Amino acid sequence: MTTTSRWRALTHHHLFWPVAVLIALLLVNVPFTPGFFSIDMTDGHLYGSLVSIVLFGSPLILVAVGMTLVIATGGIDLSVGAVVAITGALTCSYISDQTDQNTLSAVFLAMGIGLVAAVVCGLWNGFLVARMGIQPIIATLIIMVAGRGVAQLITDGQIITVNSEPYKLIGGGYWLTLPFSVFVVTAVVAVTVALTRRTALGLLVESVGGNAEASRLVGIRSTRIKIMVYMFCALCAGIAGLMISSNTSAADGNNAGLWIELDAILAVVIGGTSLAGGRFSIGGTVVGALVIQTLTTTIYTIGVPTQTNLVFKAAVVIVVCLLQSPKFRAKVFGAKGPEGPRRDAAPVEPAPAADAAPKMEVSR
Amino acid sequence: MSATAQTPKAAPRGSTASRARATRLLGDRRLPVLVTAALFIAMYVAGLSRYQNYGFGEPQVFLNLFIDNGYLLVAAIGATFVIMSGGIDLSVGSMIGFTTMFTAWLVERQGLPLLLVVPLALAVGAFGGFLMGYVIHNFEIQPFIVTLAGLFLFRGLCLVISKESISINDASVGTLAQTRVSLGVGDLSIGAVVALVVLAVAAYVLHYTRFGRRVYAIGGNEQSALLMGLPLGGTKIAVYTVSGFCSALAGLLFMLYIQSGDPLHAVGMELDAIAAVVIGGTLLTGGSGYVLGTLFGVLVLGLIKSVITFEGTLSSWWTKIATGVLLCAFILIQRTMTSRRKA
Amino acid sequence: KEDGASSASAGSGSKAITLGFSQVGSESGWRTANSDSVKSAAKEAGYTLKFSDAQQKQENQISAIRNYIAQKVDVIAFSPVVVTGWDAVLKEAKAAKIPVVLTDRSVETSDDSLYVTLVGSDFTDEGRRAAKILEKVLEKAGHKGAVKIAQLEGTTGAAPAIERAKGFKEVMEADHADDWKVVVSQTGDFTRAGGKQVMAAFLQSNPDINVLFAHNDDMAIGAIQSIEAAGKKPGKDILIVSIDGVKDGFVAMSEGKINAIVECNPLLGPQLMEVVKKVKDGETVERWIKTKESDFMQDQAKDALPTRKY
Amino acid sequence: MAEPRPVLEMTGIVKEFPGVRALSGVDFRLFPGEIHALMGENGAGKSTLIKVLTGVYSLDGGTITLDGESVRFGSPLQAQQAGISTVYQEVNLCPNLSVAENIFIGREPTRAGRIQWKRMRKEAAELVDRLGLDIDVAAPLSSYPLAVQQLVAIVRSVGTVDGDGAGLGTKVLVLDEPTSSLDRDEVLELFRLMRQLRDEGVAILFVSHFLDQIYEVCDRMTVLRNGTLVGEHLVRDLDQVGLIELMIGKALDQLEELHEHQMRSDVGETLVKAEGLGRTGGIAPFDLEINKGEVLGLAGLLGSGRTELARLLFGADQPDSGKVTIGGEQVSMSAPNDAIDAGVAFCSENRKSEGLVPDLTVRENIILALQAARGWTRPIPASQRDELVATYIKALDIRPADPEARVGRLSGGNQQKVLLARWLITQPKLLILDEPTRGIDIGAKTEIQKLVVSLSEDGMSVLYIAAELEEVLRLSHTIGVLRDRRLVARLTNGPEITTSKILETIASGEHQ
Ligand SMILES: Nc1ncnc2c1ncn2[C@@H]1O[C@H](COP(=O)(O)OP(=O)(O)OP(=O)(O)O)[C@@H](O)[C@H]1O
Ligand SMILES: Nc1ncnc2c1ncn2[C@@H]1O[C@H](COP(=O)(O)OP(=O)(O)OP(=O)(O)O)[C@@H](O)[C@H]1O
Ligand SMILES: [Mg+2]
Ligand SMILES: [Mg+2]
């Protein structure tokens, strides 16, 4: 294979542009923070900017991974932020009621309670969307509004602080010198990939999102699948909620996970999944979430004045999206984008490289 | 090849017309709007019986729904256009906030006359919408993302103008804000009147102009609309321009309503607008719905708010929970009432 | 029918005062403590309290106030979400002859008669007090040389964030123009998570920071965790001053991790009820009734801790 | 016919898709006042040529000359404005709008910018009437079956040509497989219209896989094979055999025709029994029995309820009355799953909206039904799956023979084959085929019909619906006749049954 064709294949990979943007963003930091890429050993764990990006980005990755599946079915879940808050609130309020907050069993029980609550929220969302046929934005808006109220009800509007070493581990602790959250995220992503690509779930989800009526007529039990997916999404949000509250050892019913749904959706889209449903890419979502977290960190480190944070963020989002758009690339760089019908097939052509997307199915 | 014999015509379909009428009634697209309207009235009556001793029954309380939600109505009408065309606009809230800030800054800090600032603000809003539409159409980027960038951008620009809120002391703004149009039983503010006019214009545009029908067509099936030779790009861009314009107008009404510009005004209002549109029976997938439904959607949201204020004893989180529960109850009832029809 | 309405409310208690109170929201523990204080004080005083939460939206607050006017409450009190834009609704209240009391912060109006009084503190002053107390902290720590300050701001655009920063800057520019410098300043959204994340980034880009000024305790608490993760000692390597005085802040201070806290007291319920009574009875009250607040240094933390209620 | 200057001339047209060269240097010309057939197998490039012409796809090479002027359209709108009116292969209308609006959108009658709804409905009703259609033009398009939608699309494009002054000066009318779901009556009506337009000087480009139709109306034809031009001929110069040979590129003898009728030889035991099954607004309650290994064909005019009947048997719509037993057990029929579990498969006539998932690959689309039946926890082992897919791609000659190709990118006929493969793979007891040969070229059509015969010989029952009566007649053991959404007769196939006999039955509507 010639180098040019290899290069072509590379640029046509569906992760090429998200990864390129991620790298570019990381590089932007270097002039401002010379030691940006350095990683030291501090107090027996790794320490450095890259480590904090992963550490602080973990909850977002989790939420976005769950969101990816929901979006693949053609839905959307606005309630994840509220679920984050509820889970954290329940777990922390249970732990803080214990006399000995360090007992493992109590911590596990607390986390169990929190996650069950999250899954119940997901079940409710799934029920409304799949069973009642309510439009996802509205169905999940209900928990988005009421859920935060519930979280505040649980915490009594206060921040609940816990002093539990084992609980602190999930979101703020280190294991084998790495942030423990890295392991959690890896595990969840691995489980998700296995669940969707080693079983037929991924195919069925994409089918439901790609053409709901056709899926019904081939006998896919889309109600069940949708409910499952919303439950899974809520579970991911729940784990993220544990992480966020564990990270600061406190549950903040008011602010935990505020607006995380928008960042998660953004991550999913940057990762190349179309909001219209259908094809999805978990790998893309992980990269997308890292892009957003890096962007946040960059804003903090390069000294953007607070009032221009959002303008900066908007600019980056626009640039990322434009770069991902084959039409834009064709117009600006004159390169011939992956040729396709101008508007053929699916109503919304899942952006760019989807054509050349490597198949993520079970087989090679 | 079939026999060349002339095939017999199907016997006159006697029942066709009546059957078609029956299915039309059941599958009527107006049904969701009617249901929303009916539920709104039911809710209002329920409120009446519960809070009648607190003055809920006064006509002015009803009119206040329009006064207090006029700006939301205008924003939601813009959102209706976008949603009807199968898109979505998340920049509404930011655009409103930006407009309040922009006008306040121009009027108060730069001393420009209101007469100049108002068209300027509307033009800026429309232009913002135009830009988003342009990007969405020409680079084929999903509207959700483009308008999300718009959300960040306009909110950011608010803060760039000033981090602090700017109060508007301009006399003409004050007069405008306090002008009331009397209706006999009560009165309406300028904002409410403007909103109702916008509603009427929008209804006319959507139902009696080619542009309006194109919006429906695109929402029904974008690909087909293109193949049918409709100006897809122009319409899409126009729709976002309309939304931008409506958001800016809503921003002006909002500014009249609270006479100040603040960088944190109208945070999250896009969700209110979208919720109002959807509650009003418009499908987020586009192509189906009525702008009149949006009015009822807005009124329902407003009524939920008033009911909660009248209840008056709810603590902060119960307010949120109650809002969610009322919303949920409403949607579920609406859904069961409209889902009688078969696909 | 109007008679019916008014007689009904009159009948229900000609003595009990009906107070309409519109709260900003429930965005923080501070705010919740504030709401609780108002509610319990109203109960104690035997008032009928109409409480509403504006969820940080001015329009909600305005419509709440309109509703109170329609309900003909005796007194309206509210903590304004923003300073500007109240003229119209306050004029309506005035026209309906319902007195208005502000709590927590003031508003800008064209006409001073639109509200009777303000019960609350002053954010700008808190900023100033924070700067003053930082002087003491530096002195106590025996700090020499340049003071490189990292500032954790509140939510961008929110009044406490703007005014606290303003007050702090005022003192800094007046008294310490050459030795103090705010090297980084970024918003932490008043949250622990925000404080932690932003501080982690600060420590990377400006490892030589030696003072942290946080606009509230929660951000300081988050930042402390980042400082510790970076292997530094909060309260020693980096001196910390914050505002609010929530319980967890005092806990951190008693552990030596925060050097000083400027109190911003949310418990103004009882004061408010007194004022409401006076206003209802037509007595004259001061234009600005300041809440009782103090500043705490590390050595006072242990003693003050048990008294913290929220 | 004298040969004036061609109104449309396309030379050296090249169109490439990633991995596929759909058109390589095709020349095509169209004269005013002729009906010109564009012929070729599935995937030959017919639709692509049309879409390149009307600006749906961008051109990779070649020139287009319209009326002597070089043109290149950026969008269908521009093509339309330049006088090219098109009906695309898949019905491309807006299902949410009313029939009248679908006909008029973009050129609604207005007065002072205000749409005149009354006038529009009236004119639409007249236009629809001219094609012999009796439908409510105010009803949403989605309430009509595909065939009606296809007619509406034709009315729309034709409406631009004639009709009162609203005609936009159409010079070229392009019809890509407009007749795929139409029955004889509608086809004749369409042809009458086409001839009329031709005589008015309009140039018509017509695509169809029905050779008879080509020979009936066309004057000239251009044949494509694999994206290349094979030749341009006057219809009268080339006989059917010659044409087919040109299209497939080999001698015809490999393409044997199925001629004899299927006779009902052995009567298997009853497989499916429907009693009083019906749905208001859909189809009147009917009784039906299908035996094991039997092919039951449905005959009826457009909109007679064939599709409705099939959907009820499959549980795609919920019946209001009646019950269904399959293999002796009663099936609840509340959702397609129940029917599928009982061994029923349903290949919908509307492959675009009810069949395929365009974003998924050929392989994924093929295994979808099987996978759905197995549930998500039991994926089909990769090797087994690939083998199955490869077998069916080969058996049905799906082109390109790439299991990784996205289905949305396949030509219409090949999409239809994918849909068929999906259900064949599940080896159902009863296979419902609703217009399975829609849009399929003549070679593949024969293959599919052979397949049906062999399946039934292997014991599978088939419910067969086709627009072409001959097809039904040729394949079925038994023929159910529908009229006005009522099953009116049930005929056992035999030598005495002819198309005219069936048509008579339909006309008399006598009850069984
Ligand atoms: N959007 C596309 N992307 C990639 N390949 C395409 C696309 N559209 C068509 N093709 C390919 O181009 C070739 C020609 O397809 P086309 O639709 O023109 O065939 P056709 O002659 O109309 O066939 P049919 O009779 O089945 O409708 C096919 O191989 C098809 O797979
Ligand atoms: N000419 C017509 N007039 C009125 N209604 C019609 C007509 N043609 C079809 N319909 C519609 O036909 C539907 C039932 O048709 P169905 O799809 O079962 O017919 P079909 O025999 O399968 O026809 P097709 O050949 O179109 O598939 C009804 O919903 C009815 O509205
Ligand atoms: Mg074709
Ligand atoms: Mg049919």
Somewhere in the range B:75-85, is a residue farther than 30 Å from D:ALA299 by Cβ, among the β-branched types (Val, Ile, Thr) and at pLDDT below 90? no
Determine if the range D:219-238 includes at least one residue that is within 15 Å of ligand 3 (Cβ to nearest atom), open to solvent by less than 10 Å² (accessible area, probe 1.4 Å) and under 15 Å from the mean Cα position of the chain (by Cα). no
On the basis of being over 23 Å from D:ALA401 (Cα atoms) and at pLDDT 90 or above, does D:LEU368 make the cut? no
Only strands (runs of 3 or more DSSP E) wholly contained in the range D:29-141 count here; list those with 1 or more residues that are open to solvent by 20 Å² or more (accessible area, probe 1.4 Å). D:61-66, D:69-71, D:84-87
For the range D:329-367, give me the residue count where each residue is closer than 15 Å to D:ALA405 by Cα and more than 16 Å from the chain's Cα centre (by Cα). 11
By residue number, the members of the range D:313-341 that are among the small types (Gly, Ala, Ser), within 16 Å of ligand 2 (Cβ to nearest atom) and open to solvent by 50 Å² or more (accessible area, probe 1.4 Å) are none
Going through the range D:432-447 one residue at a time, which ones are surrounded by 23 or more Cβ atoms within 10 Å (Cβ to Cβ) and either in the same structural domain as D:THR391 (by the TED database) or among the small types (Gly, Ala, Ser) (or both)? D:GLY439, D:ALA444
Scan D:LYS445, D:LYS450 and give me the residue that is within 26 Å of D:TYR88 (Cβ to Cβ) and out of contact with any strand residue (DSSP E or B) (no Cβ under 6 Å at 6 or more places or on another chain). D:LYS445
Residues that are more than 10 Å from chain B (Cβ to nearest Cβ) and without any contact (Cβ under 8 Å) to a residue 40 or more places away in the chain: find the helices (runs of 4 or more DSSP H) completely inside the range C:20-118 holding 2 or more of those. C:87-95
Please determine, by comparing only the residues of the range B:258-270 that are surrounded by 24 or more Cβ atoms within 10 Å (Cβ to Cβ) and hydrophobic (A, V, I, L, M, F, W, C), which one is nearest to A:LEU262 (Cα to Cα). B:MET269
Go over the candidates A:THR196, A:THR155, A:THR177 one by one and state the one that is in contact with a Cys (Cβ under 8 Å, 6 or more places away or on another chain) and of a type outside the set (Phe, Trp, Tyr). A:THR155
When you look at D:GLY242, is it modelled with pLDDT under 90 and either crowded, with 16+ Cβ neighbours inside 10 Å or away from ligand 1 (no atom under 16 Å from the Cβ) (or both), yes or no? yes
Which one is farthest from ligand 1 (Cβ to nearest atom) among residues in the range D:386-414 that are of a type in the set (A, V, I, L, M, F, W, C) and away from chain A (no Cβ under 12 Å)? D:LEU388
The residue that is nearest to A:VAL304 (Cα to Cα), considering only those in the range C:153-176 that are out of contact with any Phe, Trp or Tyr (no Cβ under 7 Å at 6 or more places or on another chain) and modelled with pLDDT under 90, is C:THR156
Considering each of A:LEU235, A:LEU242 in turn, give the residue that is over 13 Å from the mean Cα position of the chain (by Cα), away from chain D (no Cβ under 14 Å) and in a helix (DSSP H, G or I). A:LEU242
Some residue of the range B:238-257 being farther than 20 Å from A:ALA146 by Cβ, touching an Asp or Glu at 6+ places or on another chain (Cβ under 8 Å) and open to solvent by 10 Å² or more (accessible area, probe 1.4 Å): yes
List every residue pair whose Cβ atoms sit under 6 Å apart, with the two residues 6 or more apart in sequence or on different chains, where the first one lies in the range D:70-85 and is at the interface with another protein chain (Cβ under 10 Å from one of its Cβ atoms) and hydroxyl-bearing (Ser, Thr, Tyr) and the second, anywhere, is part of a loop (DSSP other than H, G, I, E, B) and open to solvent by 10 Å² or more (accessible area, probe 1.4 Å). D:SER85/D:THR170
Does A:GLY75 satisfy being within 14 Å of another protein chain (Cβ to nearest Cβ), open to solvent by less than 40 Å² (accessible area, probe 1.4 Å), free of Cβ contacts under 8 Å to residues at least 12 places away in the same chain and not in a helix (DSSP H, G or I)? no
Considering only the range B:271-284, I want to know if a residue exists there that is farther than 30 Å from B:ILE168 by Cα, within 10 Å of another protein chain (Cβ to nearest Cβ) and open to solvent by 20 Å² or more (accessible area, probe 1.4 Å). yes
Only residues that are within 26 Å of D:GLY83 (Cα to Cα), touching a Gly at 6+ places or on another chain (Cβ under 9 Å) and in contact (Cβ under 8 Å) with a residue 24 or more places away in the chain: list them for the range D:116-140, please. D:GLU123, D:ALA124, D:LEU127
Within the range D:289-312, residues crowded, with 21+ Cβ neighbours inside 10 Å and either part of a strand (DSSP E or B) or within 16 Å of ligand 3 (Cβ to nearest atom) (or both) come out as D:ILE290, D:VAL295, D:LEU296, D:GLY297, D:LEU298, D:ALA299, D:GLY300
Note on the range C:243-257: residues charged (D, E, K, R) and either in contact (Cβ under 8 Å) with a residue 60 or more places away in the chain or under 11 Å from C:ASN216 (Cα atoms) (or both) are C:ASP244, C:LYS247
Residues that are at pLDDT 90 or above and hydrophobic (A, V, I, L, M, F, W, C): does the range B:281-293 have at least one? yes
Kindly establish whether D:SER454 is small (Gly, Ala, Ser), more than 11 Å from chain A (Cβ to nearest Cβ) and surrounded by 22 or more Cβ atoms within 10 Å (Cβ to Cβ). no
Which of the residues spanning the range D:473-484 are within 11 Å of chain B (Cβ to nearest Cβ) and either without any contact (Cβ under 8 Å) to a residue 24 or more places away in the chain or more than 11 Å from ligand 2 (Cβ to nearest atom) (or both)? D:LEU473
Residue that is farthest from the other protein chains (Cβ to nearest Cβ), among those in the range B:179-214 that are within 14 Å of the chain's Cα centre (by Cα) and without any contact (Cβ under 8 Å) to a residue 12 or more places away in the chain: B:VAL197
Qualifying positions in the range B:148-173 - buried (at least 19 other Cβ atoms within 10 Å of the Cβ), assigned to a helix (DSSP H, G or I) and of a type outside the set (A, V, I, L, M): B:GLY150, B:PHE152, B:PHE154, B:ARG155, B:GLY156, B:CYS158
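The values are calculated or read from the model by the stated rules, or taken from the named source; none is laboratory data. The structure presented is a predicted model; accordingly, all values stated were derived computationally and were not measured. Quick reminder, even Gly has a Cβ in these numbers, built from the backbone with ideal geometry, and neighbours come from all protein chains shown. Calculation scope for accessible area: heavy atoms of the full protein, side chains included, ligands and nucleic acids excluded. Shrake-Rupley method; radii C 1.70, N 1.55, O 1.52, S 1.80 Å.
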